[in-house]
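Heads up, the thing below is written out as C-alpha cells.
The values are calculated or read from the model by the stated rules, or taken from the named source; none is laboratory data. For clarity, every value in this text was computed on a predicted model and none was experimentally measured. Cβ placement follows ideal geometry from the backbone for every residue including glycine, while neighbour counts extend to all protein chains displayed.
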Amino acid sequence: MEAAALAPSLKNIAPQQEYLLQGSILDTHRDVLLHRLRGLCDNAERNFEAFSDYEAVYVLRNSSTAQQSQNQHVTFRVRHALDHSDAPDHIRYLGQAELGDRSRHTLVRACLDVACSSNVRDFLTEMGFRIDHDYVVKGHFFHKGRMKVTVYKIFRLIQPNKTDPHNLEPLGQSHLVELSVVAPLGQEQIGEDMKNFAEQLKPLVLLEKFDHRKIQ
Amino acid sequence: MQPPQTNEEKQLDLALDDLIQRVRELKQGVSSFIYKLENDYQNISWPNMMEHFGVLSSGLSSIKRLLKTEKMPLLRNYVLFPILLSPDRDPHLEKLTEGRVSAFNHEVVPDYLRTKPEPEVEEKVQMLSSKAASITPEVAQKQLTMLNKITSNILDIINASSDDWDKDSASLRNALPPTTSQQETAMLIAAVTKGVRLRRQDSQGQMSPAPQMGSMPTQQHQQQPLPQKPQMPGSGIGRVPSAVKTNIKAAVTSHPYQRP
Amino acid sequence: MAAPSVNISVEAAIEHQIQEVRYDGQEIYLAPLSMSENLSKLAHKIDFYKDESEEKGKPTSEGEKDTDEEKVLAPFQPSLWPWDSVRNKLKNSLTEISVLYDVLNIVKEKHYMVTDPVSQDPPELKASLQMLAKKKSLVAAAQLLSTGAERLKRVQVEMTSNTQDNFLMELLKLRRNWRLKKVHNTILGELSYKSAGSRFWQGGTFEVLKTSDLAADGEVASRKSSLDVSIPSELEGVAYIQVEVKTVSDLMDLTSATLKMPAGLGTVSADAYWQQKLEVAQNVLFCKELFAQLAREAVQVKGTTPHMVVGNQILTNVFPGIQLSIVLCHYTGKEKKVNLAPHKLEHNHVLEHSLHQLLREVHDRNLNYSPPHPANAMLGMSKRRRLAGPRAMSRSELVEMVQSESLLEQILKQTKHAVLRIRTMHVIDQLAVSIQDPQICAHWSCLNSSLESSVRITITSYCYENCKTLLVLLIGIDTIKVVMKDGRVCTLLFENSELRDLIQWQICQHHAQSIQSLAKMQGWQVLSAIINSGHGDMEAYGTTTDVMLASPKGNVILAFHSNPVSGNKLAIKKLDPSLDAHISPAVTASKWASLAGDFQEINLNQLEGRNLVGKIDMLMARLTSS
C-alpha cells in the first residue's frame, strides 16, 4: 500500500532493496559479540567504529481516506549523526518487508536512501508530514564486503528534541543486531552470503528474518 | 480357507505375521546399506557407517526377542510341508516374493527348504563343538559363571560412566547462559520499525494544547533528579530496569489529574 | 515397412522342450513358448542390474537361485573400493534373508506349503558350546576396543612427550599466522591477500600435510618439522618485480624486452620451514598481482606516449631517452640454467618498494571504507561523495572526485621525480667540481616526499663569504622551480642544460655582486651595474653581467664583464687630467666624462690573489691610493 502510493516516483530510480536479518544481544554479552564481529569483519585492524544517530520518523496521512484505513500513509525516516556534525542528514524510505518463501534467506524491503541538507525536517513539516516518533541509536558498525553489521542500543527521548545523554532512556536490556545489504533487486547470492555470515554468529546471536507483520 | 481354525493355528498365524514384518524390516536395512555402499560410498562417513550397522544389529536382536516371547509358538515343533508343486507361473506368488519366485516348482523348493547351514557356518560350528567336547562340563560350568560375573561387572562400569557422560554433556549445555532473548528482539524490532514504545502520547497533535503546556513544566520538575545519574545509559547496564521503573512513576505522577 | 523386403521370423523354432523324463522313460514336454513369453524370457537374460537399484532391478528367472545370480555380477571396482568385503558379506546375508522372507510369505499363504506340527524332543542345551562362541566374539570385540584405546594412548603420549615436533603444536602455530579451514579430511589454508582487500583472481590455497604421513616406510624421517605445506605449482619459486630506469638512445628499445632472470636468487629448498615457504609463495602471488595490475593499466591508459607490454616486461618512456622497465621475475627453479651471463643489474629498490606500497594502498582502500554516518547511509562512499548531494556539487566537481590515478601513472610520476632529482644532483655536483671560483655548495633537504624534494644552493667566494648568492630549487615531477635570491621564481623543465645555464648565470651575477660590495667597502662608486646586458659579442648562451666602477678619486675606471661562456674580463681606463678642460655643462663630474673611450684589458690570470674577487680587491686597493 505504501509502495503503491510512491510507485510513480520510484519508477525513475534504480530500485534498491535492503536485504535484512535481525537479532538481539543482551547488554552483558555485547562485548563478546563485538570482538567476534571484529574478527570476522573487514575493518579488523581498526578500532570499533562507533556511531550515535538521531532518527525521527515522519508520517503523511492521507486525510481523505483516514477514516477507512489507517494504512494509507507514507513514512519517511530522517536521521543525522550526533557525533559527526559535518555529516549530512539522511532521509530514508523503507517499503514493506517481504518475508518470501523458505528459499529466501533474508527479509527484503524496498529502500531509498538519500543524503540531504539539514533543513529537511522543516521541509517535510511544510509538506504536511508530522513527526510520529523519534529515538536515538548508539552502537557500533562493522562491514564485511558489502554487508553491513550494526549493533546498537535504542534510546527513548524523555523530553522531545533533546538528545543530550541525560535525556536518553535505554529501551530494554538488549542491543539490536542487524545484518543488511543494500543492493539492486534479484541478487540471490547476497542472501546466501548473509546466511553464512549469520551462521558464524550462532549461538551468540540468532539472526533471522523477523516477520514484521507480527508486530502489533 | 480353512474355516475351523484352532487357537493354536491362530496364534501361529499372528506370530508369522509379526515375524514377516520384522524380517522385512531387516531386509530393507540390509538392502539400503548395500545401496549406500555402492552408490554413495564417497560420502560415507564413519558415524554413518556405524549407524547402518546399528540398524542391522537392532533388527537382528528384535527378531531374536520376538522368537523368545511367550506368544510365539515353538517353531521348532513345526515342519514345513510343501503341498503343491506346480510348474506354472503364479502372479500372486510372484508378487508375494517380490519377483524372486514366480513358480513353486520342483526346482525352487529344494533350495528354499534347505536345512543345512552354509559351509562356512558349519565349519565354525564344528570347530566350536569339537572344542566344547574337549572340556568337561564342570570346567565349562565354572567358566560360564566366571564369564557371567565379569561381563555383568563390565556392564555396570560402562553404564555408570555413560550416565556420568550424559550428565556432563547435559550440564555443559546448560552452562552456557542465554545471550539473546526472543522477547527483547521482538520488542526492539517493533520499536525500530513501527515506533512501538517510542511514540509520544502527546505528540500526536490530537490532544488539546492546554494539558500539553501544563505537563511540560511539571515533567521538567519531575526530572530534576535525573542529572544525578548521568552515566546511566553507558555503564549502568544492571540498573536499567530500575531506571525504567522510576520513569514510569514519574510519568504517572506528572499527570495533572492525579495531583491533589 | 517396405513391401518387397523379406520377412524374417523372430519366433523360436517350434520344438517342444523336454521338461522331465520319468523313470518309466516317458517324456513330459513343455508347451512351446508364445511370442510374448519368449520375449520375456529373452528379456530376463539382459542384465538390468547395473542400472537399477538393488531391490527392484533384480531379474529372477524361474528356478534360478538368487545366490547364482550374485556370482554373475561383476565386482564393483574392487581395487578402488574399500568396502568390497563388507558388501559381499551383506549380499550373502541379503540372499539368506530374502529366502527366509519368501518362505515365510509362502507358508503364510497356505497354498503351496503348510506348517505341520510335529512333536520333537527339546533340543539339548549346549551350554559349553554357546559359552565358547560368546567368549570368542567377546574376545574379538575386546580386541577392537583395546587397539583403539592403545592408539589413543599413543597419541596422548606423543602429545605430551615432544611438543616441539608435534604436528598439532605446529598446526597451532600455523593457525596463528595463516587462515586455515578444514574441508573433509584435508586442512586447507589461504595465503592470498583476499582477506586484506585484494581482488586478484588467482587464489592462494595451500594444503597442510603431516610429514609423518608422507615419510613412508623405510625413509628415515629426520625432518625438522612434522608439518609441511604444499603450495600450488603456479606459486612455487621466487619472484620479484625488477624496476629499472635506463638510458636508451632510441625512443623504444625492443631488444631489451627479454626475460632476464638473475642467477643470484636461489630457489627455496624443498624442506624449508613452512613459514618461509608460505611467505615466499605469498610474495610470488603479490608480485603477480602487481604486475597484472600494471600491465592492465599500461594497456588501458592512454598516455601521450604509449606504454608497451611485452611478455613479462612493461616499458614506458619517462623522458626522452629515459625508459622505465618493470619486469616480473619469477624463478621457479625449473628453468634451464641458460642466459645466466652476469647481467648488470640496475635494479631500483626504491621504486620497487614504492610499487609494493602503492598496491597495498589499493588493498587498504578496498577494505576500509570511510564509515557511514549516520549509520544507515550507503556503504562504500567517500565522505566527500556523501556530501555531494546536500552541497549540490557540480558535475565537474563530481567528475573530479571520481578520477583516480592508476598505479602506473603514480609510479611513472615517482620515476620522473627520481630521475629529475638525480639529474639535478649530477648537474650541481659537476658544476661544483668544475668551477672552483666561486664555490658552489648544495644543501639537500632531508625531508622530502616521493614526488617532491628541495635543495638550497649557496654560491660564495673564498674569504668573502659575507657576500653570497642563494638559490632554492624545488624539484617536482617534471619541472624544477627555482626561487632566486631576490625572490624571483622561474620554472625549469627537465633538461639538464637549463639548470646549468641558470647556475652559471647566477655565478656571473654573484661575481658582479661581490665586486659591488667590494666597491662599497673601498669607497669606490658604482657607475653602472647591468645584470643582463646586451653588450659585447654574441655568445653561445647566457647573458653578460656588466659592472663599471670609478675610484674614489675618480681617476680610474674599472669595467667588469662576466659571461658564462667567454668568462670574466676586466678592463681599466685611467683618466687623463688634461681632459678636465672640456667639461660640458651637462656633465657634473669628470668621471662621467670618461665612460666611453679606450679601456685596457687587464690579464686577470696575472693578477695576484686567490680568486677573482680577491684579485679585484687587491687591484682596487692599489688603485684607490694611486
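Please go through region C:452-508 and pick out each residue that is out of contact with any strand residue (DSSP E or B) (no Cβ under 8 Å at 6 or more places or on another chain) and more than 18 Å from C:V427 (Cα to Cα).
C:C463, C:Y464, C:E465, C:N466, C:D486, C:G487, C:R488
Can you tell me which residue is farthest from the other protein chains (Cβ to nearest Cβ) among those in region B:83-102 that are touching a residue at least 12 places away in the same chain (Cβ under 8 Å) and farther than 25 Å from C:N92 by Cβ?
Within region B:83-102, the match that is farthest from the other protein chains (Cβ to nearest Cβ) is B:D88.
Does at least one position in region C:78-89 carry a residue that is at the interface with chain B (Cβ under 7 Å from one of its Cβ atoms), over 60 Å from the mean Cα position of the chain (by Cα) and modelled with pLDDT of 70 or more?
Within region C:78-89, not a single residue is at the interface with chain B (Cβ under 7 Å from one of its Cβ atoms), over 60 Å from the mean Cα position of the chain (by Cα) and modelled with pLDDT of 70 or more.
Find all pairs meeting these conditions: Cβ atoms under 6 angstrom apart; at least six residues apart or on different chains; first residue within region A:103-122 and touching a residue at least 40 places away in the same chain (Cβ under 8 Å) and part of a helix (DSSP H, G or I); second residue crowded, with 18+ Cβ neighbours inside 10 Å and not hydrophobic (A, V, I, L, M, F, W, C).
Qualifying pairs under 6 Å: A:V120/A:D89.
Which is within 11 Å of chain B (Cβ to nearest Cβ) and closer than 18 Å to C:A377 by Cα, of A:K153, A:K148, A:K144, A:K162?
A:K153
Among the residues of region C:381-401 satisfying the criterion of being of a type outside the set (K, R) and at the interface with chain A (Cβ under 7 Å from one of its Cβ atoms), which is nearest to A:R46 (Cα to Cα)?
Among those residues, the one meeting the criterion is C:L387.
Take the conditions modelled with pLDDT of 90 or more, under 21 Å from B:R197 (Cβ atoms) and in contact with a strand residue (DSSP E or B) (Cβ under 6 Å, 6 or more places away or on another chain) and apply them to A:V181. Does it pass?
Answer is no for this residue.
Identify, please: which residue in region C:97-122 is of a type in the set (D, E) and exposed (fewer than 14 other Cβ atoms within 10 Å of the Cβ) and is, among those, modelled with the highest pLDDT?
Looking at the filtered set, the residue picked out is C:D116.
Filter region B:42-59 for residues that are surrounded by 15 or more Cβ atoms within 10 Å (Cβ to Cβ) and either among the aliphatic types (A, V, I, L, M) or out of contact with any Asp or Glu (no Cβ under 7 Å at 6 or more places or on another chain) (or both) and give the result.
Across region B:42-59, the qualifying residues are B:M49, B:H52, B:V55, B:L56.
Restricting to region C:127-151, name every residue that is under 17 Å from B:T145 (Cβ atoms) and either surrounded by fewer than 10 Cβ atoms within 10 Å (Cβ to Cβ) or basic (K, R) (or both).
C:K134, C:K135, listed by residue number.
Among the listed residues A:Y58, A:Y152, identify the single one that is touching a strand residue (DSSP E or B) at 6+ places or on another chain (Cβ under 9 Å) and either small (G, A, S) or within 18 Å of A:F210 (Cβ to Cβ) (or both).
None of the others qualify; the one that does is A:Y152.
For region C:297-334, which residues satisfy the criterion of being without any contact (Cβ under 8 Å) to a residue 60 or more places away in the chain and within 13 Å of the chain's Cα centre (by Cα)?
Of everything in region C:297-334, just one residue is without any contact (Cβ under 8 Å) to a residue 60 or more places away in the chain and within 13 Å of the chain's Cα centre (by Cα), namely C:N312.
When you check C:T424 against the structure, is it crowded, with 19+ Cβ neighbours inside 10 Å, of a type outside the set (A, V, I, L, M) and part of a helix (DSSP H, G or I), yes or no?
So C:T424 passes the test.
Of the conditions (1) within 30 Å of C:R360 (Cα to Cα); (2) among the aliphatic types (A, V, I, L, M); (3) modelled with pLDDT under 80, C:L125 satisfies every one except a single condition; which number is it?
Looking at each condition in turn, C:L125 falls short on (1).
Go through the residues of region A:112-129 one by one and say whether even a single one is closer than 22 Å to A:R156 by Cβ, of a type in the set (A, V, I, L, M) and surrounded by 18 or more Cβ atoms within 10 Å (Cβ to Cβ).
yes
Please go through region C:498-523 and pick out each residue that is more than 18 Å from C:T458 (Cβ to Cβ) and crowded, with 22+ Cβ neighbours inside 10 Å.
C:I515, C:A519
With the requirement that a residue be among the aliphatic types (A, V, I, L, M) and under 27 Å from B:H92 (Cβ atoms), what does region C:85-107 give you?
Of everything in region C:85-107, those that are among the aliphatic types (A, V, I, L, M) and under 27 Å from B:H92 (Cβ atoms) turn out to be C:L94, C:I97, C:V99, C:L100, C:V103, C:L104, C:I106, C:V107.
Restrict the check to region B:16-35 and report whether at least one residue is touching a strand residue (DSSP E or B) at 6+ places or on another chain (Cβ under 9 Å), at the interface with chain C (Cβ under 9 Å from one of its Cβ atoms) and either exposed (fewer than 11 other Cβ atoms within 10 Å of the Cβ) or at pLDDT below 90 (or both).
Taking every residue of region B:16-35 in turn, at least one turns out to be touching a strand residue (DSSP E or B) at 6+ places or on another chain (Cβ under 9 Å), at the interface with chain C (Cβ under 9 Å from one of its Cβ atoms) and either exposed (fewer than 11 other Cβ atoms within 10 Å of the Cβ) or at pLDDT below 90 (or both).
Out of everything in region B:4-15 that is surrounded by fewer than 16 Cβ atoms within 10 Å (Cβ to Cβ) and more than 9 Å from every other protein chain (Cβ to nearest Cβ), what residue ends up being farthest from B:L60 (Cα to Cα)?
B:P4
Starting from residues that are within 18 Å of the chain's Cα centre (by Cα) and at the interface with chain B (Cβ under 10 Å from one of its Cβ atoms), keep the ones in region A:173-204 and report whichever is nearest to A:R104 (Cα to Cα).
Among those residues, the one meeting the criterion is A:E178.
Do any strands (runs of 3 or more DSSP E) entirely within region C:428-508 hold 1 or more residues that are of a type in the set (D, E, K, R), and if so, which?
Fully inside region C:428-508 and qualifying: C:453-460, C:468-475, C:480-483.
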